[in-house]
Amino acid sequence: MLPILDGRIRTIRGDIAPAALGPCDAHEHLFLVTPAQPGDEYADVYKAIEEARTLRTAGAKALVDWTPIGLGRDLDGLAAVSEATGLHIVAATGLHRDVHYAADDPVREETEDALAERFAFDLERCGIIKVGASYHTLAPFEAKAFAAAAAAHARVAVPVCVHTEHGTMGGAIVERLGELGVPAARVILAHVDRNPDAGEHAETAATGAWLQLDGPGRTKYWPDSTIVALIADLAERGHADRLLLGGDNGRRSMMRAYGGGPGLDYVFARFKPRLERELGTELSERIFVENPARAFAFVG
Ligand SMILES: [Zn+2]
């Protein structure tokens, strides 16, 4: 049992106590439409329910949806999925990295203040603020989103959740957000396993930031054993309490409800049991239950 934890977690159907979150898939996309993935978009609520049911059946009680503004995000759709499946769903405000918005997308013209207002308004229903970085660099549009996210975070202290490109710039992102007033402990860095370098990520974890590994099932890029080994290495270095895990199924072709794979339940049905066999249930419980209850909670 989890001890009483501070704060609450903002789900799409209302705030819950952190201890009520349960086993959590920390990174998914139930809907996603982006010019960066032509032909791979998906936005059907009924298929999202079908897909999410498989995750629930595999043992998850919660998922965090990282689809931000302008990319097919459907907050009412997420509420419908939560209601139909019983999953707690945390939704995102914020923006993705530069490449996901068309050159003439009006969101590019919005001022930092206007974006901050928009993010803060969304935080009535959303429980994370997403921003994105490019490969080893921060585009001007992304830098503006970082500043707007920090301003919204100052009003509602939900975590700032960052897409890293191939796991690069973790330390620099934490530093940049720190300068903008977001403490490291409120920063979640996604996709760090795309750069399976435990030494580098251990330095980032030492700042207090969260490391999210979310690439199980991407067998054409690397085997799951790479991720298990990275988790073992980071735990060995003393950072098991900074780790989160998700599936990041962000393409139509990854969803079984649309005829693809490996499916939304891969992390719970396949990866988690393997992690438990190889590294033990205690570590798994920490990564899937205790850490998300802390990482996604806010006080205020
Ligand atoms: Zn994602």
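Some points to look at:
- Within the accessible area of segment 1-90 (1.4 Å probe), percent carbon and sulfur: 52
- One compactness figure for segment 1-86 is 1.17, namely its Cα radius of gyration divided by 2.2 N^0.38 Å.
- Label-point separation, D104 to A17 (7 Å along Cα→Cβ), nm: 5.3
- About the Cα centre, charge dipole magnitude for segment 167-300 (Lys/Arg +1, Asp/Glu -1 at Cβ), debye: 600
- Hits among lysines - C-alpha to C-alpha of K220 under 22 Å, sequence gap 8 or more where chains match: K272
- Considered as an equivalent ellipsoid built on the Cα gyration tensor, the chain has semi-axes of 25, 22, 20 Å, the largest given first.
- Under 5 Å, built H, 5+ apart or other chain: amide partners of N249: H29
- For segment 239-300 versus segment 98-146, the gap between their alpha-carbon centres in whole angstrom: 26
- Over segment 1-155 - Rg/Rh using Cα atoms and the Kirkwood inverse-distance radius: 0.98
- Å² of accessible area per residue within segment 140-249, as computed with a 1.4 Å probe and no ligands counted: 33
- Here each label is just a point 7 Å from Cα along the line to Cβ, and for E276 and T226 those points are 2.6 nm apart.
- Summed over all non-identical Cα pairs, the Kirkwood treatment of segment 38-120 gives a radius of 14.3 Å.
- Cross-link partners of K144 among lysines, defined as those whose alpha carbon lies under 21 angstrom from its own and excluding same-chain residues fewer than eight positions apart: K130.
The values are calculated or read from the model by the stated rules, or taken from the named source; none is laboratory data. All of these numbers come straight from a predicted model, not from anything done at the bench. Note that each Cβ is placed from the backbone with ideal geometry, even for glycine, and that neighbours are counted across all protein chains shown. These area figures cover heavy atoms from the full protein model, side chains too; ligands, DNA and RNA do not enter into them. Shrake-Rupley method; radii C 1.70, N 1.55, O 1.52, S 1.80 Å.
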